[in-house]
Structure formats: C-alpha cells, structure tokens
Amino acid sequence: MRVVLIGSGNVATVLGRLIKKNGHEIVQVFSREAEHANKLANELQCSYANSSTNIDQTADLYLFALSDVALYELDKTFHFGNKLVVHTAGSVSKDVLRNVSLNYGVLYPLQSLRKEIKTSPEIPLLIDGNTDEALAAIEDFARTISPNVQETTDEQRFRLHVAAVVVSNFTNHLFALADDYCQEESVDFDLLLPLIDETVKRIHTYSPNEMQTGPAVRDDTVTLDKHFKLLANYPKLKYIYVKMTESIIGR
C-alpha cells in the first residue's frame, strides 16, 4: 500500500520503519514541525509536508500517529473523502475519524515504542473499522506488518490500554524509583536485572498470582518493618511500598 504518515514521533517512526520494511511505500510524512517531518522523511526516503494543504492525496492509507488530544481536532483540518484512514491510539474511539473520511478505523500497537531503539519488538496490533470493508482492508494491511493481529471494539481496546499502562508505564516507574534508591544508597541497580528478567519470564508460563513472592505474601512483618525503616528518607518510594504491600496482603 501507499501510506502517508501523519505524525513524526515514536509511534510514527517505529511503524513507518516497519511498514517500509514489509514492502509498502511511505509516500509522505506530515508534521506541523517541519524539522521533525523532514528528519523522518529522510530516513524513510519520502517527501514531507508541514501544511495540510500540501498533503499527498494519492495514498491508499492515511495513518494518524498523534497524541490523543490532537485526534479530537482532526476534522477541523483533514478531509480524505473515502480514503482509508486509521489512528493508533489505545484510548480514543475510532469514531473520532467519522468526519475525516467515509472509511476509517484503528490500528493500535499494543507495545511501548521508542524511536531510538532500532530493533523492533513484537508488536500486537489491535484493529477496528467502521464498516466490514474498512475492517477487512485494515486487517489485510496489519497482517503484513505483524503476525499478532486481533479485532477489538473500542471498549475492549480502552480496557486493554488501562492494563497496558499498569504493566508497562507503572512498572517502569517502579524501576526508575528503585534505580534512584540504589544510586542514593551506593548499591548496583544492575544486580537486579536478572531478577527483573526472571520475574517477567515466569508469567509467560504461569499466572502472576501464582508467582507472587516476597515478605507481603508471606505476612513477614519483621522484614516489612525493616524495609519501612530503610525507606524513611524516601517518602515517595515508601508510600508506594506501603500501598503495594497492602494490596498484596489484601488479595
């Protein structure tokens, strides 16, 4: 397919690379920031535009990889007749594109994407379309760039997005807090990496509930009290530690 990318951030960059790698043609990158559009266009070897009046009108697919807030303003600027258009957001309805085109849907990558990471991770794609024909076209395209494609409604996708924030964004924040703590206490955070890897590896086979370990699940109040004291000078981390402990005990 001939594709126009609307956006130049992490999602646009990673998907753009994947789309090009799998034999499609990126014909243009659009971004309000000309410098950003030009940089990604150079990488993908295509043209760029920073004005909506200069968007290529000959593409087969227009992919909006923009912030959630920006998606609600699209119909003020973009109108593509009956061309196929999709957005990549996890928590925005497909119907935000209702006035952008007669054929629209969602292509949501259920993955944390960073453009500076050159190796592409496995990317499940959650898809939806406003008609059977649009959905079929989106699915055909999605299966060329990912082996893991699943049709989901808006409501299902919203719920998965909540879960994704918990398992990815929240978990990474815990890593960041632990890293800060280790630096302050002059201990090596890297020693925790095998533990992190093993924790994630286990839940590929077993239920997370079955794999819960630690002083909270053992009701080890002696160790918990020691940890609370060690965290006295780290109120943010201590607060989260206490709340997580209460949550584990309360299951």
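The values are calculated or read from the model by the stated rules, or taken from the named source; none is laboratory data. Source: prediction; values computed, not measured. All Cβ positions, glycine included, derive from the backbone under ideal geometry; neighbour counts span all protein chains shown. Accessible surface is based on the protein model in full, side chains and every heavy atom, while ligands, DNA and RNA are left aside. Shrake-Rupley method; radii C 1.70, N 1.55, O 1.52, S 1.80 Å.
Per the listing 213, 152, 221, the residue uniquely polar (S, T, N, Q) and open to solvent by less than 60 Å² (accessible area, probe 1.4 Å) is 152. Check off (1) within 30 Å of residue 251 (Cα to Cα); (2) surrounded by 13 or more Cβ atoms within 10 Å (Cβ to Cβ); (3) touching a residue at least 12 places away in the same chain (Cβ under 8 Å); (4) more than 17 Å from the chain's Cα centre (by Cα) for residue 161 and give me the number that stays unchecked. Among (1) within 30 Å of residue 251 (Cα to Cα); (2) surrounded by 13 or more Cβ atoms within 10 Å (Cβ to Cβ); (3) touching a residue at least 12 places away in the same chain (Cβ under 8 Å); (4) more than 17 Å from the chain's Cα centre (by Cα), the lone unmet condition for residue 161 is (4). Among the residues of segment 44-76, those identified as assigned to a loop (DSSP other than H, G, I, E, B) and of a type in the set (Val, Ile, Thr) are 55, 58.
The set of residues in segment 106-128 that are assigned to a strand (DSSP E or B) and of a type in the set (A, V, I, L, M) comprises 106, 107, 125, 126, 127. Filtered by the rule that a residue be surrounded by fewer than 16 Cβ atoms within 10 Å (Cβ to Cβ) and under 22 Å from residue 10 (Cα atoms), segment 125-149 gives 143, 144, 147, 148. Residues in segment 21-33 that are open to solvent by 70 Å² or more (accessible area, probe 1.4 Å) and either closer than 19 Å to residue 106 by Cα or part of a strand (DSSP E or B) (or both): how many? Of the residues in that region, 1 qualify.
Which one of 176, 163, 216, 137 is among the small types (Gly, Ala, Ser) and over 30 Å from residue 243 (Cα atoms)?
Numbers: 176 fails: over 30 Å from residue 243 (Cα atoms); 163 fails: over 30 Å from residue 243 (Cα atoms); 216 fails: over 30 Å from residue 243 (Cα atoms).
Exactly one residue qualifies, and that residue is 137.
Only helices (runs of 4 or more DSSP H) whose full extent lies in segment 145-244 are considered here, and the ones with at least 1 residues that are touching a strand residue (DSSP E or B) at 6+ places or on another chain (Cβ under 8 Å) and of a type outside the set (S, T, N, Q) are 154-164. Listed by first and then second residue, the pairs with beta-carbon distance under 7 Å, at least 6 apart or on different chains, first residue in segment 18-31 and within 12 Å of residue 60 (Cβ to Cβ), second among the aliphatic types (A, V, I, L, M) and assigned to a strand (DSSP E or B), are 19/3; 19/26; 24/3; 25/3; 26/3; 26/5; 27/3; 27/4. Considering segment 224-251, and only residues there that are over 34 Å from the mean Cα position of the chain (by Cα) and of a type in the set (D, E, K, R), the residue that is most open to solvent (accessible area, probe 1.4 Å) turns out to be 229.
Among the criteria (1) open to solvent by less than 10 Å² (accessible area, probe 1.4 Å); (2) within 24 Å of residue 22 (Cα to Cα); (3) among the β-branched types (Val, Ile, Thr), the one residue 92 does not fulfil is (2). Here the condition is being loosely packed, with under 15 Cβ neighbours inside 10 Å and farther than 17 Å from residue 126 by Cβ; of 115, 83, 76, it holds for 76 alone. The set of residues in segment 34-69 being surrounded by fewer than 15 Cβ atoms within 10 Å (Cβ to Cβ) and of a type in the set (A, V, I, L, M) consists of 34, 69.
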